[in-house]
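Novice: Sending over a structure as structure tokens; questions will come in a sec.
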């Protein structure tokens, strides 16, 4: 039963916490620092794009017709590599390698030795057919370049193979197909390489952001509780409001302060990402592939981040509030800060692993466990291999866990705030929970 | 309908804090809760506030168990002083009043009125960390009374205050009593209790030793005293001629003499006059609360206070 009086007290406590946090100099500094850091991270895609210009892509070329592969290599090498060198200063884009047959070439692509394999055959009408196998590492911009190269090969082949022009020119067919991965998930839609890079960057940003904010704001909660105890203002508080009003008010107030900071940090970062696309276009010329820098930052992902931030913060804040209430002095906080961050760190590793697209059993399970799902599921969502039921399970478990842990934290808090001097130990914890 | 503390029991681990403590405070009274450190005063107050749970027994106010009452029933001044260090005084007062349901504008008005009467208007916009301990204490007192609670629980409210502030606080206590509030305060300073309380309870190790109206408590030991002040020789050499009279507290100005049963006060006065001493002051008195405390508990409420010259209580 939540009375109007209780709601008002929660709001009063929350408002006080929010004002105290956001007015503190530390808040201003940390916001500036994090915003700067986020802008730097947001500039990474631009850097990747710059670096990408210097990357040489190895492409296998095979053909069913003897000599055709060698001719094509000569043509494309001269045509494509010269083409691009005129623009940005002579860097080679493709390294064409002759391969004896299509099967070995495709296998090399799957093994990651090659970016793509191009197979050329001649149709009944005398026209050439180009098939490019890849597993997602070939960006759509580079595929377009290959298509231009294929066209050139086709034109030269036509002029050479029938000097009298008795056969009409047939536009070479060109298709990009998924070579399938050696892990055997062929048939799944492969990401475009640029898109995949973008998803990983967005994923890293969210994982790091979730991890930092939950641990950081969780510590705010713990230190707030300890400060109230050590300054002894707690005695007045606990006689004016109930433990549940104080705990919930504190979590809400600090949560809102944290959310404000995250928003203040994300806005310049998102703007930078948007602008860096433009800057990149201006510096490097329009580029179809990397326009997708922000493509992975969908509104859905932002919503998911907010949901996981709010629920995850509720969970961590409750834990930190309970732990903080058992300490008497602010110095004690340093000794428990590390053990308190262990659950978060334990979730950080599977989250980083999930960024590689791995969906092993451990990562799947970690993405359902409430303490870890805010990192691991965010990571999985960013790289994009999540079933709807998994998302529902993960959020559902959080929704159930948060109030339970909060109730437990209130119990600990009620007993803890009037205990002074006892060093924090698992026994103290247990007594506090049991004793209410 | 009064505040009833009924057979309270509380243990902390192996330490017994309250051992069946029982007493009753009539509404509209100033009640002194007397005991040394560790007697169980703070624990009793915390149980009354509902912050701690008793192992046994109950505290009721007007027939309802105190932990079922709204928190605003009580105004609490904790023994351990503390405010939010970086918050401004007026903001803190409005915050605490707000938790008790006082609307912001009324809280502000009342807070400023209280600050004025404590001669502390200039503190309104200071941060708590800039205040002296005595001033912080005044602010906390105001925080405890702003919501006009029917019952005030004050844990050692006079400790650490200078004489001027002690006087201001005493006046405030009496005014609150006149407005019908019930004021319970703990102290180990007996002379303050003597000056303010209509009733007292002396507690020791979680148990009630003696309690009731102040006068009854002071007479509870059966001892009789006279206080005498003579010109010249304050060592009272003539007293040797009065068997059964013994100086229990010698002073330069005034001495307290205890009389054995059967010895009448007149005998002391007669001996003084006979010896030719010029008597400036003579009164028949009950033992001081301090003396009563020592008699019942076996030691003073506070050793340090005991060793200092004890201020005279009005008879």
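The values are calculated or read from the model by the stated rules, or taken from the named source; none is laboratory data. It should be emphasised that the depicted structure is a prediction, and the values quoted were computed from it without experimental measurement. Counting neighbours? That spans all protein chains shown, and the Cβs are built from the backbone with ideal geometry, glycine included.
Novice: Can you name every residue in the range A:365-388 that is crowded, with 19+ Cβ neighbours inside 10 Å and assigned to a helix (DSSP H, G or I)?
Specialist: A:366, A:373, A:374, A:375, A:376, A:377, A:378, A:379, A:380, A:381, A:382, A:383
Novice: Test of understanding: among B:212, B:206, B:244, B:232, which residue is closer than 30 Å to residue B:20 by Cβ and free of Cβ contacts under 8 Å to residues at least 60 places away in the same chain?
Specialist: Criteria check complete, one pass: B:212.
Novice: Kindly check whether there is at least one residue in the range A:32-44 that is crowded, with 20+ Cβ neighbours inside 10 Å, under 29 Å from residue A:247 (Cβ atoms), touching a helix residue (DSSP H, G or I) at 6+ places or on another chain (Cβ under 7 Å) and within 12 Å of another protein chain (Cβ to nearest Cβ).
Specialist: No, the conditions are met nowhere in the range A:32-44.
Novice: Output the residue which, of all residues in the range B:249-265 that are farther than 12 Å from residue B:284 by Cβ and exposed (fewer than 14 other Cβ atoms within 10 Å of the Cβ), is modelled with the highest pLDDT.
Specialist: Here the residue is B:260.
Novice: Just checking, how many residues over the range A:35-54 are modelled with pLDDT of 70 or more and over 18 Å from the mean Cα position of the chain (by Cα)?
Specialist: The qualifying residues number 2.
Novice: Those residues that are in a loop (DSSP other than H, G, I, E, B) and either modelled with pLDDT of 80 or more or under 23 Å from residue A:161 (Cα atoms) (or both), I need them from the range A:85-112; list them, please.
Specialist: Hits for the range A:85-112 are A:99, A:100, A:101.
Novice: Do you know which of the residues in the range A:149-170 that are surrounded by fewer than 16 Cβ atoms within 10 Å (Cβ to Cβ) and touching a helix residue (DSSP H, G or I) at 6+ places or on another chain (Cβ under 7 Å) is modelled with the lowest pLDDT?
Specialist: A:169
Novice: Could you tell me whether residue B:30 is at pLDDT 90 or above, under 19 Å from the mean Cα position of the chain (by Cα) and under 21 Å from residue A:239 (Cβ atoms)?
Specialist: yes
Novice: Looking at the range B:75-89, which of its residues are part of a strand (DSSP E or B) and either more than 7 Å from chain A (Cβ to nearest Cβ) or surrounded by fewer than 17 Cβ atoms within 10 Å (Cβ to Cβ) (or both)?
Specialist: B:75, B:77, B:88 - these are the residues of the range B:75-89 that are part of a strand (DSSP E or B) and either more than 7 Å from chain A (Cβ to nearest Cβ) or surrounded by fewer than 17 Cβ atoms within 10 Å (Cβ to Cβ) (or both).
Novice: Determine, yes or no, whether residue A:200 is surrounded by fewer than 19 Cβ atoms within 10 Å (Cβ to Cβ) and at pLDDT 85 or above.
Specialist: It is false that residue A:200 is surrounded by fewer than 19 Cβ atoms within 10 Å (Cβ to Cβ) and at pLDDT 85 or above.
Novice: Right, another one. Could you identify the single residue in B:112, B:131, B:153 that is in contact (Cβ under 8 Å) with a residue 12 or more places away in the chain and more than 25 Å from residue B:189 (Cβ to Cβ)?
Specialist: B:112
Novice: Return the residue satisfying two criteria in turn: it lies in the range B:90-117 and is within 11 Å of another protein chain (Cβ to nearest Cβ) and exposed (fewer than 15 other Cβ atoms within 10 Å of the Cβ), and of such residues it is farthest from residue A:5 (Cα to Cα).
Specialist: B:104
Novice: Check whether at least one residue in the range A:401-418 is modelled with pLDDT under 90, under 18 Å from the mean Cα position of the chain (by Cα) and either within 14 Å of another protein chain (Cβ to nearest Cβ) or surrounded by fewer than 16 Cβ atoms within 10 Å (Cβ to Cβ) (or both), and report yes or no.
Specialist: Among the residues of the range A:401-418, not one is modelled with pLDDT under 90, under 18 Å from the mean Cα position of the chain (by Cα) and either within 14 Å of another protein chain (Cβ to nearest Cβ) or surrounded by fewer than 16 Cβ atoms within 10 Å (Cβ to Cβ) (or both), which makes the answer no.
Novice: Residue A:82 versus (1) buried (at least 20 other Cβ atoms within 10 Å of the Cβ); (2) over 30 Å from residue A:199 (Cβ atoms); (3) modelled with pLDDT under 80: which is the lone unmet condition?
Specialist: Just one mismatch for residue A:82, condition (1).
Novice: For residue B:173, are the conditions met, namely being within 14 Å of the chain's Cα centre (by Cα), in a helix (DSSP H, G or I), buried (at least 21 other Cβ atoms within 10 Å of the Cβ) and in the same structural domain as residue B:62 (by TED's automatic domain parsing)?
Specialist: Taking the combined requirement at face value, the residue satisfies it.
Novice: Continuing with this model, one more query. Restricting to the range A:208-237, and then to whatever is under 30 Å from residue A:384 (Cα atoms) and surrounded by 23 or more Cβ atoms within 10 Å (Cβ to Cβ), can you tell me which residue is farthest from the other protein chains (Cβ to nearest Cβ)?
Specialist: The selected residue is A:210.
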